[in-house]
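Below you'll find the structure, written out as structure tokens, and then a few comments.
The values are calculated or read from the model by the stated rules, or taken from the named source; none is laboratory data. What you are looking at is a predicted structure, and each value in this text was computed from that prediction instead of being measured. Methodologically, a virtual Cβ is constructed for each residue, glycine included, from the backbone with ideal geometry; neighbour enumeration extends over all protein chains shown. Ligands, DNA and RNA are excluded from the accessible area calculation, which covers all protein heavy atoms including side chains. Shrake-Rupley method; radii C 1.70, N 1.55, O 1.52, S 1.80 Å.
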Amino acid sequence: MSLPGGIKVRIVLVLVGIVAGALGTAFMIVVPSLERRLVDARLEELEKLAKPLARSLSDDRTLWQQRIEGFAVATNARVVAFDVLSKDRTELVVVADTRTNDSRDVARDPIARAALANGGIERGRVTHSTGDYANVAVPLGEDAVILFQAQLGDSLATVRLVRERLLLATAFALILALVLGLTAAGMFSHRLLRLETAAERIAGGDFGAPIVDRGNDEIGELARAFDQMRVQLAQLDNARKEFVANASHELRTPLFSIGGFLELLADEELDDETRSGFIETMQGQVQRLAKLSTDLLDLSRVDAGQLRVEREVVDLGSVVEMLAAEIEHLAAGTGHELVTAIDEDVWCRGDDARILQIGRALATNAMTHTPAGTTVVMRARRSGSRAQLVVEDDGPGIPVSQREAVFSRFYRVEGGKASGSGLGLAIARELARLMGGEVQLVSASNPTAFVVDLPGEPTPDDVAQFSRENAARVADR
């Protein structure tokens, strides 16, 4: 069942309950213990006085009334002398009493009877209609019993005073706990309400206002965690918006170009050479769209954790040779010199098709953003227990301030040639990470070198068989 007021009421009820429970427990322990100690102290005091006085009585019972008057003054108690009448020693009769008007209230006193029956001193608390008494009974042989009876009113008055003070203290403590609980709960609930408001604001897409709580407790830590989440969500939201804007731009450019050429083809009377040029340009734009859609699909799979890569033994030198054969015509068309440098027995663990995709992205990027006449070198080498594919060029280089930014999605180096989607390096780094490696820009000046670092593998026993299988797998893909 939920309580109205939420956590504020719960905190107050818990605090008041703890205080009430603690004070109630103290009350139940302290008051009975104090009462018992005071009664026991009075009984012990009375017994110490009663024993020698009672045994100082003579056998002459005619003198007992006078003597017990003195005992009463000495002990500040009522003194009663009993005589034993019956042979079975069960009947007592009062022969002297310091309260002379009426002795019926002590005629059958249980403490006196117990002392007669046991033959020893007995003491205890007795309650009558007139109040509570501390009784001490001293037997005199088998013929008489002397009873000392002291009122417990003063002792019990002290207990009542303590009980009243404890009740007042309990009431005050409960009121104080209620006030403090409401104050503390109000502060906590206010802080939690601010967090709730901030969470609703973030859920609505507003990431601008920071979440501030200067407390050093758990709520403060929660607020700081919320603010970190806000910052990260803001970054993700900005990245999403930038991604959508860039993707829209990259898609719109070739589509507008194709649309323009189609209008020209439909509206103008063109010669065959011009028409062929338009068609060739449109085919290039279609290829650009296909490449962009493939890159976007790969990125979406990476973000969703659905992009799978194989983890097989790969001849990295063969991959470099295949890559060189594939882009040789591109290098010739752009005026670049393509060089390969392959060490012997460079084997790694990874996905040969994805390694080829990474190398293709790095090599085409080098030829796209460097002038004609630039030399592009592709290497396969070992570095300790790692295998590395290196693509380097002697072009103008990349500014130091942009070394990490080049791996961002849709990023292009400032002042560079605006070509491609700007996704190649971002995809290359993600693919390398999925294979347990990484892509690094190890030199930002001349020469510029990108290194694909992958887990190395020892040379297989049947090298020729592995090379044929690698070539077949790549061709199938």
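Listing for the model above:
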| item | result |
| --- | --- |
| Only listed residue being farther than 30 Å from Leu297 by Cα, open to solvent by 80 Å² or more (accessible area, probe 1.4 Å) and not β-branched (Val, Ile, Thr), chosen from Leu193, Leu236 | Leu193 |
| Single residue of Gly284, Gly359 found to be within 30 Å of Ser385 (Cβ to Cβ) and either part of a helix (DSSP H, G or I) or at pLDDT 75 or above (or both) | Gly359 |
| Number of positions in region 309-338 that are in contact (Cβ under 8 Å) with a residue 60 or more places away in the chain and surrounded by fewer than 14 Cβ atoms within 10 Å (Cβ to Cβ) | 1 |
| Tabulated pairs, region 215-238, first without any contact (Cβ under 8 Å) to a residue 40 or more places away in the chain, second among the aromatic types (Phe, Trp, Tyr), C-beta under 8 angstrom, 6+ apart or interchain | Ile219/Phe188; Arg230/Phe207; Val231/Phe207; Leu233/Phe207; Ala234/Phe207; Asp237/Phe207 |
| Top-ranked residue of region 32-60 - restricted to ones that are under 28 Å from Thr170 (Cβ atoms) and of a type in the set (Lys, Arg), ranked as surrounded by the most Cβ atoms within 10 Å (Cβ to Cβ) | Arg42 |
| Members of region 136-150 found to be without any contact (Cβ under 8 Å) to a residue 40 or more places away in the chain and touching a strand residue (DSSP E or B) at 6+ places or on another chain (Cβ under 7 Å), listed by number | Ala137, Pro139 |
| Flag if Leu57 is assigned to a loop (DSSP other than H, G, I, E, B) and either modelled with pLDDT of 85 or more or more than 60 Å from the chain's Cα centre (by Cα) (or both) | yes |
| Residues of region 6-31 that turn out to be open to solvent by less than 60 Å² (accessible area, probe 1.4 Å) and either modelled with pLDDT of 85 or more or not aliphatic (A, V, I, L, M) (or both), as a count | 5 |
